[in-house]
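Single-structure report; data block below.
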Amino acid sequence: MWHLLIQYVVTDQSLLNLQSVFPRSLALAALDLVDRGNVLKCIGPAQHHYNVLGSTATHRVFLNMPGPMPAYCTCPAFAYLVLSSESYLMCKHVLAARLADQMGRCVDQPVNSDELASIIMQEYS
């Protein structure tokens with residue numbers, strides 16, 4: 001069963017704080033994804049990941065990963081802007097997942113082991 005958690009309002013000051021770290025367009029795009037309820041938290045038996053419904057596709061986001069890169073997204077922007085050119089700290093999908101999680105705005109989507117295996121097979125087939 002899907003449910004929406006407690007909703008919080010983004011203040012002008014918090015938006016200014018975001019814009020001091022991220023480009024305005026990235027911050028607004030991430031907040032738009034959160035506002036639309038496009039951040040799904042897929043909760044599995046041992047871990048969770050996020051599905052962020054983008055404008056053209058659904059992208060998988062993994063947060064709090066061990067190693068030098070604490071987050072990963074399957075979108076092309078992450079591969080180019082974050083990993084390749086290192087011009088951004090994160091893509092809008094990773095920022096949206098982080099914001100939605102902190103704001104309690106994720107839509108929870110429980111997944112069992114079989115569903116998780118299917119997701120992984122889909123991603124890498």
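No value in this document is a laboratory result; all are computed from the given coordinates. No experiment lies behind these values; they were computed from the predicted model shown. For neighbour counting, all protein chains shown are included, and Cβ atoms are generated from backbone atoms with ideal geometry for every residue, glycine included.
Structure values in brief
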| read-out | value |
| --- | --- |
| Contour excess over end-to-end distance, with Cα ends at Glu115 and Thr58 and 0.36 nm allotted per residue | 18.9 nm |
| Calculated Rg and Dmax of the chain using C-alpha coordinates, Å | 14.5, 44 |
| For segment 48-87 versus segment 12-36, the gap between their alpha-carbon centres in whole angstrom | 17 Å |
| Approximate spin-label separation Asp108-Gln47, in nm, with each point projected 7 Å along Cα-to-Cβ | 2.1 nm |
| Placed amide H near Phe22: partners under 5 Å, 5+ positions off or other chain | none |
